[in-house]
Amino acid sequence: MRLICPCCQADFPIEAALNDIAARQALARAFRETQFGDLLIGYTNLFKPPRQVIRMTRLARLIEDLLDMISAGKVERGGRIFSAPQTYWQQALEEMLARRDSLTLPIKSHGYLITIIAGYSDKAEAKAEAKAEERKRHGSHHLANAGKIIKSGSPVSLRDTLKQFNKGGSDGDQA
């Protein structure tokens, strides 16, 4: 079946209209579910072959794939699952668009984007682990100092204050 465009009066197959609807719905979802729909659209342009337009079915599939991963909040890379909050996605998309000139275009998959996100997650995990180790180290340091205080009696400043108190530093109320 063929339809007539209400704008230019050209005829086109109904499949084209359906593809257009799917792409429009994917774009609406991108802006509804993220704060960076514009970056997603820019990113999909990295898949466009030179001197060609991107097919609506391809655009819809790319955006839907991305939104499914973004909604999951995690990515898999090298057999490992990485946390992928929306901030990582936004940063990774910005990074890829900034590096556009150094990329081999058109890109074929989301592999490089996922690698960037996995790197962010890996760095965050390492930072959290370092903080935990630091807390553990400081916690055991404090416990070691507490043990020294208990073994040697009261801390020096407290011991001196008590001696001064017992020597008559109070108003004669000695225990």
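Side notes on the structure shown:
- By accessible area with a 1.4 Å probe, ligands and nucleic acids excluded, highest first: order of R80, R32: R32, R80
- Spatially, the stretch 34-68 and the stretch 1-31 are offset by 16 Å when compared through their Cα centroids.
- Ordered from highest to lowest accessible area with the whole protein assembly present and a 1.4 Å probe, M69, M56 read as M56, M69.
- Within straight-line cross-link reach of K74, aspartates and glutamates at Cα separation under 18 Å, skipping those fewer than 8 residues along the same chain: E33, E64, D65, D122, E125
- In this structure the stretch 1-127 gives 61 Å² per residue of accessible area when probed at 1.4 Å with all protein chains present.
- Gain on full stretching of the segment that runs from D122 to Q35 - 0.36 nm per residue minus C-alpha separation: 29.0 nm
The values are calculated or read from the model by the stated rules, or taken from the named source; none is laboratory data. Given the structure is predicted, the values throughout are model-derived calculations rather than measurements. Only protein heavy atoms, including side chains, enter the accessible area calculation; ligands, DNA and RNA are left aside. Shrake-Rupley method; radii C 1.70, N 1.55, O 1.52, S 1.80 Å.
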